[in-house]
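Pasting a structure below so you can have a look.
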Amino acid sequence: MVGSKFPCALVVMGVSGSGKSTIADHLARRLGWRYEDGDRFHPASNVAKMSAGHPLTDEDRWPWLQAIADEIDRLSTAGERAVIACSALKRAYRDILVHGRNDVRIVFLDGTQDLIAARLASRKGHFMPPGLLASQFKTLERPGANERPIIVSIDAPVERIVDDIVTQLNLVPQ
C-alpha cells in the first residue's frame, strides 16, 4: 500500500468508551496489520490506580507512553505495521508517541460526552470507571491540524467508522 507517506503505526486515540479497542482491532484486520492495545503497556500501578477511581497524573503516564513509543520504534525498525489503541488525550502525550516521525498517524475518535457516558454505563469488566469520564474530557486536547490527524465521528457503525479512516488515510494498493 502507498499513500503520501505510508505509516508504520496508526495510534487510535480518544477518551475511554470512545471505541478505541474495537475500532483499532477492526482497522488492523482490514489493513492486515497487527493490533496492539495500549493498555497492555501500563504498569500494574497505573491499572490499580485507575481501578480505584483515581485519574493518572502525567508522571504516571510518562513511562507508559514511552513504552508505546519504544514499540513503535521497534515496529519501524523491523518493517512491521500496527494499529495501537491509546487514549493519548494531550498533545504532549501524542508528541511522545509520534516524536517527530512522519510514519505515525493519529486517528481521533470524536464523540460527545453523553454518547460515551451511555456506552460506559453498559460496559462490563473494564478498569476505567464511568465516573472518570468527566476528567478525561477535561484533559482532552483535540488534535490540531499540524498533527495531521484522521478525525472520525463515533456516532456510526464500526464498519462505517473503519471505512472513513481508510478513506482519509488514502492507502491504495501498490
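The values are calculated or read from the model by the stated rules, or taken from the named source; none is laboratory data. Just so it is clear, the structure is predicted and the values come from calculations on it, not from any experiment. Here the Cβ is made from the backbone with ideal geometry for all residues, glycine too, and neighbour counts use every protein chain on show.
What pairs can you find where one residue is in segment 33-48 and exposed (fewer than 14 other Cβ atoms within 10 Å of the Cβ) and at pLDDT below 95, the other is hydrophobic (A, V, I, L, M, F, W, C) and not in a loop (DSSP other than H, G, I, E, B), and their Cβ atoms are less than 8 Å apart, with a gap of 6+ or different chains?
Pro43/Trp64
In segment 95-117, which residues are in a helix (DSSP H, G or I) and hydrophobic (A, V, I, L, M, F, W, C)?
Ile96, Leu97, Val98, Leu115, Ile116, Ala117
Residues in segment 105-115: is at least one closer than 26 Å to Ala134 by Cα and touching a His at 6+ places or on another chain (Cβ under 8 Å)?
Among the residues of segment 105-115, not one is closer than 26 Å to Ala134 by Cα and touching a His at 6+ places or on another chain (Cβ under 8 Å), which makes the answer no.
So, in segment 80-94, how many residues would count as being touching a residue at least 40 places away in the same chain (Cβ under 8 Å) and either out of contact with any Gly (no Cβ under 6 Å at 6 or more places or on another chain) or assigned to a helix (DSSP H, G or I) (or both)?
10
Still on this structure: List every residue pair whose Cβ atoms sit under 8 Å apart, with the two residues 6 or more apart in sequence or on different chains, where the first one lies in segment 118-144 and is of a type in the set (S, T, N, Q) and the second, anywhere, is at pLDDT 85 or above.
Hits for this filter: Gln136/Val15; Gln136/Ser16; Gln136/Ser87; Gln136/Leu89; Thr139/Leu89; Thr139/Lys90.
Applying the selection to segment 8-32, what residues are under 15 Å from the mean Cα position of the chain (by Cα) and outside any helix (DSSP H, G or I)?
Within segment 8-32, Cys8, Ala9, Leu10, Val11, Val12, Met13, Gly14, Val15, Ser16, Gly17, Ser18, Gly19 meet the criteria.
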